[in-house]
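The values are calculated or read from the model by the stated rules, or taken from the named source; none is laboratory data. Quantities reported herein were computed from a predicted structural model and do not represent experimental measurements. Here Cβ is always computed from backbone atoms with ideal geometry, including for glycine, and neighbour counts include all displayed protein chains.
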Amino acid sequence: MKKFTQMKLKSGLMFLLMLGMVFVGEDAFAQKKKKKDSKNQPAAAAQATPPPRPQAPRNGIKPYSEVITAKAKSKEGLFSVHEIDGKYFYEIPDSLIGREMLMVTTIAKTADGIGYGGERTNTLLVRWDKNGDNVLLKVVSYSNTAADSLPIFTAVKSSNLEPILQKFDVKAKAKDDKGVVIEVTDLFSKDVQAIGLPRNRRTQYKVTRLDNERSYIERISTYPMNIEARYVMTYAATEPPSNGSTGLITVEMNSSMVLLPKEPMMQRLSDRRVGWFSRSVVDFGLDEQKATTRTFLDRWRLEVKEEDYEKYKRGELVEPKKPIVFYIDPATPEKWRPYLKQGVEDWNAAFEEAGFKNAIMAKDAPTSEEDPDWSPEDARYSVIRYFASDIQNAYGPHVSDPRSGEIIESDIGWYHNVMNLLRNWFFIQTAAVNPEARGVKFREEVMGRLIRFVSAHEVGHTLGLPHNFGSSHAYPVDSLRSATFTKEFSTAPSIMDYARFNYVAQPGDKDISLMPNVGPYDKYSIMWGYKPILEAKTPEDEQPILDQWILAKAGDPVYRFGRQGNSYDPSTQSEDLGDDAMKASDYGIRNLKVILPNLMEWTAEADKPFKDYSDLEEMYGQVIGQYNRYMGHVRTNVGGVYEYYKSAGQGDAVYVHVDKSTQKRAVQFLNKELFATPTWLMDDQIIQRVGDFGALERIRGVQVATLNGILEWGRLGRMIENEALNGNKAYSMVELFDDLRSGIWSELSAGRKIDVHRRSLQRAHIERLELLLTGNEPQIPAQFRNRVGPQINASQSDIRPMARGELRTLQRQITAAIPRSSDRVSKLHLEDALERIKKILEP
């Protein structure tokens, strides 16, 4: 065996030596040939030399014609896209290698329960790089940055290695040799998580794998600025949200790759005193002794034409170099198009404050005859997309350059069934004073005005404005009942608040404005974000001027920004109106008491005598829901803290506790309007027509949710801190517990009968006190803690002793009340309550 191996080795060596001789011989021949040629040999002799044989393509790179064959269906655009027998190829020019692009992934079509069409799932900044005979699709990040002229730039790059999303073999050189051809089929047909079903949905539905046999590319379209890939992905899932028997989830995804400008727009630095969508990076190049976050606005590139500089400096309105244009989706019903357009162009009044005229406009999309190449997917066009869907929503996203914040384009999503949402809001909030709202189908002009209102709100988002929940608190409640005031100022200073419609106005109030418009805050914020500062060469140059604009409005509630999601500030609430929640809610409840007895009449339709009571049921639910909102508006005052954004230079407090009298008045309101059983909501005529069971549960649900919300860990923690800081000026936890007990258990002192609603509420009160005594605040996941702030340590706080003391007080009062109770059910309830408390205190 060993001898045989040695013979094989010798044979192999001999073969290699012979092969080497052949190679050497060829090289020597070439050298001799060159020498002969150099001595001016006759041309015939040179021609007699056989031409060299064509070499095989290096590393699989083939001639262009062998890859992009005559069968290819080709489209020209940002990249040339070729489709051959279901395979897709990109022809990437050298000029776009190394250019940065945004890859925006959305759900285009979905099954029931899996998001909605148009929902964005991921946004990546990507770059196509060459690496030998490969092309790498890299994910780029600007979360950490420094100017490339600084020495630290090298360290930043070394600490932020860019992930490779996909590697592609170069199949051929471009047709003109100034680029490469790659196949991208696997990018959109295999499981690339970043552009497929998001991780949270995979976890939720227990997705196990992508089914390649049922996943495919629908189409890839290319345009001058972008490429749109539409692909269908089918996943095997253990718990799909619909069609469970199949064990499958199928979604149609759209990945949009948009070319970013070669030269980024100059940033405008943000300031939290003015609400704006913004993005942040850690800038290691700043002259600070720490890693500093740099935050700048998302905004469109609105620039003054050079020939208009002098006009602009004189204060004349000028047209921007490139206006913002929204096209109306051809699928939009014609009767609603004018109202959508008006909602867009309502913002021109705001842009005039920034020095521009005709800055924004809306147009009908061209017909196929007018422009056969026009497409809503073309990134050159921003479109209000109309979806035939039962989702009650509209949304206004935008695509922006993460390097500068420049908004590249926006597609507003408009769902057909948003009209039902508008109908419900307008009915419940204004029908008491507005005959136009008393029905389940509004006149076309009325619905059109509501569409215009929502259109303007969503356009505001696309311009860079977030919700301003502090706006609706700016106006005195009683001013909202004044025709003169509301005609001039509408119902809130900003259309970007969730201040829907005027529920404060009362029957008898005439000519009252019922909804907000693009208001003074909106005009101010657009001016602050878009007004060009021509003399500034850097974002830092702009800051002193931007600060002056803010300080000029400081202290005026009309120009205050209050962020969304602040659960402890009663002045930044959703769906509220006016500067006093108790007074506004009282007016709102009065109106609900007008609406409820008329609900059957106002939901009937004379031309549909055979319809069922589904509209009545829906609107009765809306009455309960609106009432619940009022309770929430009042509750937030208890343990509340106002948040007023200030700069350090202003020297004012940012966080201010709600004063004692306001908190106490809020608890008194809840005791009177909610905990003392709102029997007026129990309308027999309606209840008999909308369900066999559940009316009591509706009321109990509102009462218990409000009570638990008051006795909530964070709220009690703020009350403890308030008392520690402000002493007797604070509304203390002792006072809160006393006031709640006197309201919820008011029957004890007089021995009165306790009705079914109150019995449920009193049991809920005991259960909540038990939780405070024995439970802990739910732990917030680490990634969300910065949103909710610090959590209280319940076991080491005053909450447990207070809960124990309250249970003992109730124990004594119930014991004394039982002999005074003559109602059998009430007595049984009190005996049960006593036993519950005993088990809590003596488990």
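Suppose we filter the range 220-242 for residues that are more than 28 Å from the chain's Cα centre (by Cα) and within 28 Å of Arg202 (Cβ to Cβ); how many remain?
Count: 2.
Name, by its number, the condition in (1) crowded, with 18+ Cβ neighbours inside 10 Å; (2) more than 30 Å from the chain's Cα centre (by Cα) that does not hold for Ser368.
Going through (1) crowded, with 18+ Cβ neighbours inside 10 Å; (2) more than 30 Å from the chain's Cα centre (by Cα) one by one, Ser368 breaks only (1).
Looking at the range 107-130 only, could you name the residues that are assigned to a strand (DSSP E or B), at pLDDT below 90 and buried (at least 20 other Cβ atoms within 10 Å of the Cβ)?
If the condition is that a residue be assigned to a strand (DSSP E or B), at pLDDT below 90 and buried (at least 20 other Cβ atoms within 10 Å of the Cβ), then Ile107, Thr121 are the ones that fit.
Inspect all residues belonging to the range 102-121 and state whether any of them is more than 30 Å from Ile384 (Cβ to Cβ) and in the same structural domain as Thr234 (by TED's automatic domain parsing).
no
Between Gly751, Gly701, which is on the phi < 0 side of the Ramachandran plot and surrounded by fewer than 20 Cβ atoms within 10 Å (Cβ to Cβ)?
Only one candidate passes the filter, namely Gly701.
Is it true that Ser614 is under 32 Å from the mean Cα position of the chain (by Cα), hydroxyl-bearing (Ser, Thr, Tyr), over 26 Å from Asp586 (Cα atoms) and modelled with pLDDT under 95?
The answer is no for Ser614.
Looking at the range 221-276, which of its residues are part of a loop (DSSP other than H, G, I, E, B), farther than 30 Å from Thr295 by Cα and without any contact (Cβ under 8 Å) to a residue 12 or more places away in the chain?
Matches in the range 221-276: Gly247 only.
Against the condition on the phi < 0 side of the Ramachandran plot and among the β-branched types (Val, Ile, Thr), how does Thr677 come out, does it pass?
No.
Just a yes or no: is a residue in the range 330-349 surrounded by 18 or more Cβ atoms within 10 Å (Cβ to Cβ), assigned to a strand (DSSP E or B) and either at pLDDT below 90 or in contact with a Lys or Arg (Cβ under 8 Å, 6 or more places away or on another chain) (or both)?
no
Wholly within the range 519-623, which helices (runs of 4 or more DSSP H) include no fewer than the required count, namely at least 1 residues that are in contact with an Asp or Glu (Cβ under 6 Å, 6 or more places away or on another chain)?
Once the helices (runs of 4 or more DSSP H) in the range 519-623 are filtered for at least 1 residues that are in contact with an Asp or Glu (Cβ under 6 Å, 6 or more places away or on another chain), what remains is 520-530, 599-603.
State yes or no: is Ile512 in a helix (DSSP H, G or I), in contact with a Leu (Cβ under 8 Å, 6 or more places away or on another chain) and at pLDDT 95 or above?
Taking the combined requirement at face value, the residue does not satisfy it.
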